[in-house]
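Let me begin by presenting the structure, written as structure tokens, before commenting on it.
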Amino acid sequence: MREMPLLARSYILGVAVVAAVLIAVMAPTAGVPNDIAILAAFTVLTVLGELRSIQAPVGKDGVDLTFSTAFAFAILIGFGAVWAAAASVVASLVCDVLARKQWWKAAFNASQFVVVSVVTGAVFELCTGHAHLDLGTAFSRPSEIVGAICAATTYFVLNLLMLSTAMGLAQGTSVFGMLLEESKYQVLGSLGMFGLAPVAVVIAGRSVWLLPVLLIPLAIAYQSTIISIEKEHQALHDSLTGLPNRELFRLRAIEAVDDAARERNPWTAIMLIDLDRFKEINDTLGHSTGDLVLTELGPRLLGAVGEGRTVARLGGDEFGVVLPDLRDIDEAEEIAMGVLQAIRAPILLHDLDLELDASIGIALYREHGLDADSLIQRADIAMYAAKETGAGHKLYTPMLDHTSPMQLNFVGELRQAVETSGLCVWYQPQVLTDSCVVIGAEALLRWNHPVRGIVVPDDFIPVAEQSGLIRDLTRFVLREAIAANARWQRQGLDLSVSVNLSARTLHDLDLPDLVRVTIEREQVDPARVILEITETSIMEDPATAISALSELRSVGVQVAIDDYGTGHSNLAQVMALPLDLLKIDKSLVTGMSARSQSSVIVSSTVELGHNLGLKVVAEGVETTECWQLLCGMGCDEAQGFFFGRPVPEADLLRNPNLARRRTGTLVHARQHL
Ligand code: C2E
Ligand code: CA
Ligand code: CA
């Protein structure tokens with residue numbers, strides 16, 4: 001027996017003892033019935049009904065619909081409680097043994113039938129004055145009909161009460177809550193079954209041969225129930241993966257939020273998962289491969305989120321998860337990381353290790369919304385933020401939401417930070433791949449927020465871009481980075497500095513002049529300044545990008561295409577751009593292994609860059625294996641946590657591997673994570 005509360009164990013034992021006593025006392029009182037053939041027929045039907053029960057998809061755990069109740073109750077009316085108990089016990093034991101239920105569960109079910117039958121029989125006798133009716137004259141008096149109604153009600157209520165008590169005690173939840181939950185779905189089905197019992201008794205009283213006639217409508221009703229259940233299943237499930245669809249996802253989300261509102265599961269979250277670059281798989285390997293990948297993902301996601309949670313396919317490459325019973329916020333994030341891990345594990349198809357990645361957004365009940373729809377919408381906003389920034393997973397914050405009042409406040413704070421030097425620039429080393437000598441650094445903006453601490457650019461650059469503040473931010477970083485580079489030159493260091501430009505700054509007509517003036521004022525070599533523009537922002541408006549890049553290059557600076565591999569540029573478009581460097585995106589580099597699909601892409605990108613006369617830089621190098629692979633591919637430069645994380649300028653200058661103007665004294669020690 002799984003660890004079960006003492007109270008639950010005592011309850012189950014108590015029911016079993018009561019049942020045993022009832023059997024001992026009552027069994028000898030049961031006489032041999034006249035119509036043994038009818039009793040046998042009803043018993044067989046009770047067993048058959050139990051064996052062919054249908055799981056209807058209502059409520060949280062589904063509800064068992066079975067016509068065995070109808071015939072057990074018919075036995076009770078026509079032959080008395082003892083025979084009804086006997087038939088139910090046989091049916092329940094046969095069924096539980098075949099289903100390999102644990103012995104104590106089977107014993108409890110059987111005992112429960114004994115208790116319910118005996119109590120119901122007593123109520124029936126009280127109402128009608130007979131232990132059972134005579135089959136030939138059954139229901140000729142109104143009191144017998146009233147008796148049957150009272151008995152049926154007793155049977156239903158007692159059965160429910162006992163079952164809910166057992167479940168409630170075993171799961172340690174409120175017994176009353178369980179009772180309500182259960183009864184909601186049981187009432188209708190049971191009404192039909194109890195209604196059938198008197199009909200069966202009367203018909204059998206006329207002639208046992210009429211029973212098959214009764215079975216015809218029953219079989220039809222049974223079959224059509226199965227069909228309608230199947231139809232309902234289809235309407236609420238995705239045909240490819242078999243997972244719940246968007247509609248059922250929403251229903252489950254509403255249910256979870258209702259429960260949370262009733263304080264049953266205070267920590268409830270909605271999670272949306274969107275695969276990254278899934279379109280590429282469909283486009284290059286065909287839709288049937290895409291379908292295979294999606295089918296493979298279903299069980300992986302179910303495994304990663306854990307039992308009792310809904311994983312739904314919302315359409316295309318988007319999945320949704322309802323997390324109704326979390327320990328705390330951290331658990332939601334842990335689950336998100338587990339899900340990412342499950343998605344990232346390579347899928348072997350057609351002798352190729354397919355590597356997938358995804359972006360996940362999470363919204364938490366109460367903190368981020370009070371109803372299912374707004375939680376779903378906010379999880380979607382968080383998911384898009386995760387996608388835009390490549391963050392893997394993201395918890396919703398009003399900062400991400402352009403419509404929230406908090407974001408307006410956030411813009412105000414950011415503006416203040418620009419004016420009051422609340423911003424700073426950190427530097428991440430860039431190395432020559434084969435020697436690990438540091439030959440430059442990328443300037444990465446940080447916001448030193450008075451309350452939040454260090455805020456990373458992914459959390460505020462999108463806001464800055466929308467509010468127009470990005471212009472001031474870019475100017476700040478440019479001035480800081482070029483001034484830093486001048487300091488490095490004065491110290492005899494031979495380092496370049498890279499600065500990120502966002503799409504919007506390309507439209508800034510004053511930018512080339514600003515770059516030129518700053519470079520002249522600081523007296524740095526313009527070739528030591530590299531401006532990085534992402535592939536996606538170039539492809540948004542290639543014409544503007546080409547003219548802006550050409551003008552910047554005329555100042556003498558170098559230009560790099562950043563995050564290469566995330567946009568959808570083609571070779572002709574890249575060839576047309578005035579570029580010096582190509583930076584391969586970290587999403588391709590980080591998880592690379594010898595056999596992987598991404599290592600094929602990275603090595604062909606290195607080749608492509610070289611053929612176009614560009615220097616190639618790999619970003620996101622985190623492991624020795626990855627670094628060695630890049631060495632083998634002839635990738636010129638590399639950047640990543642393996643060589644060093646972004647750090648304040650003073651820390652960068654402590655790196656023992658910095659390239660100096662007079663070389664020959666290099667220390668070849670790499671920094672590790
Ligand atoms: P990016 O240009 O791709 O910059 C590299 C980002 O990757 C940095 O994140 C860096 O910390 C991270 N990174 C570096 N090595 C590794 C690694 O081995 N593994 C992993 N997982 N990550 C690594 P950071 O500093 O948070 O910057 C994020 C993005 O924000 C940058 O991506 C860039 O697009 C943008 N950004 C940063 N500073 C500026 C800025 O001054 N202006 C503009 N417009 N954008 C900026
Ligand atoms: Ca960059
Ligand atoms: Ca990058």
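The values are calculated or read from the model by the stated rules, or taken from the named source; none is laboratory data. From a predicted model like this one, the values you see are computed outputs, not experimental measurements. Cβ coordinates were reconstructed from backbone atoms using ideal geometry, including for glycine residues, and neighbour counts include every protein chain displayed. Quick note on the areas: whole protein, heavy atoms, side chains included, nothing else; ligands and nucleic acids left out. Shrake-Rupley method; radii C 1.70, N 1.55, O 1.52, S 1.80 Å.
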Completion exercise
(1) out of contact with any Gly (no Cβ under 9 Å at 6 or more places or on another chain); (2) part of a helix (DSSP H, G or I); (3) open to solvent by 50 Å² or more (accessible area, probe 1.4 Å) all hold for Thr536 apart from (1)
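Matching residues to (1) touching a strand residue (DSSP E or B) at 6+ places or on another chain (Cβ under 8 Å); (2) open to solvent by 70 Å² or more (accessible area, probe 1.4 Å); (3) away from ligand 3 (no atom under 16 Å from the Cβ):
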{"site": "Arg471", "(1), (2), (3)": "no, yes, yes"}
{"site": "Leu495", "(1), (2), (3)": "yes, no, yes"}
{"site": "Ser498", "(1), (2), (3)": "yes, no, no"}
{"site": "Arg504", "(1), (2), (3)": "no, yes, yes"}
{"site": "Ala527", "(1), (2), (3)": "yes, no, yes"}
Exercise for the section: Could you check Trp488 against (1) farther than 30 Å from Leu356 by Cα; (2) away from ligand 1 (no atom under 16 Å from the Cβ); (3) of a type outside the set (Asp, Glu); (4) surrounded by fewer than 19 Cβ atoms within 10 Å (Cβ to Cβ) and say which number it fails? Expected result: (4)
Completion exercise
Among the residues of the range 415-458, the number that are open to solvent by 70 Å² or more (accessible area, probe 1.4 Å) and either in contact with a Gly (Cβ under 9 Å, 6 or more places away or on another chain) or more than 12 Å from ligand 1 (Cβ to nearest atom) (or both) is 10
Problem - Selection count where residues are open to solvent by 50 Å² or more (accessible area, probe 1.4 Å) and within 16 Å of ligand 1 (Cβ to nearest atom), scope the range 567-590 - result: 2
Practice task
Determine whether Leu531 is outside any helix (DSSP H, G or I), open to solvent by 40 Å² or more (accessible area, probe 1.4 Å) and assigned by TED's automatic domain parsing to the domain that holds Ala572.
Solution key: no
Problem - Search result, residues across the range 241-255 that are within 29 Å of Val293 (Cα to Cα) and open to solvent by less than 60 Å² (accessible area, probe 1.4 Å) - result: Thr241, Gly242, Leu243, Pro244, Asn245, Leu248, Phe249, Ala253
Practice task
Give the range 482-521 a look and list any residue that's away from ligand 2 (no atom under 16 Å from the Cβ) and hydroxyl-bearing (Ser, Thr, Tyr), or say none.
Solution key: Thr518
Practice task
Just give me the residues in the range 609-651 being of a type in the set (Phe, Trp, Tyr) and within 16 Å of ligand 2 (Cβ to nearest atom), in sequence order.
Solution key: Phe641, Phe643
Exercise for the section: Of the numbered conditions (1) surrounded by fewer than 20 Cβ atoms within 10 Å (Cβ to Cβ); (2) on the phi < 0 side of the Ramachandran plot, Asp317 fails exactly one; give the number of that condition. Expected result: (1)
Handout entry: Candidate set from the range 460-469 (those that are in a helix (DSSP H, G or I) and open to solvent by less than 10 Å² (accessible area, probe 1.4 Å)); member that is modelled with the highest pLDDT
Key = Ala464
Handout entry: Test: residue in the range 603-613 that is aliphatic (A, V, I, L, M), more than 16 Å from ligand 1 (Cβ to nearest atom), over 24 Å from His350 (Cβ atoms) and not in a helix (DSSP H, G or I)
Key = yes
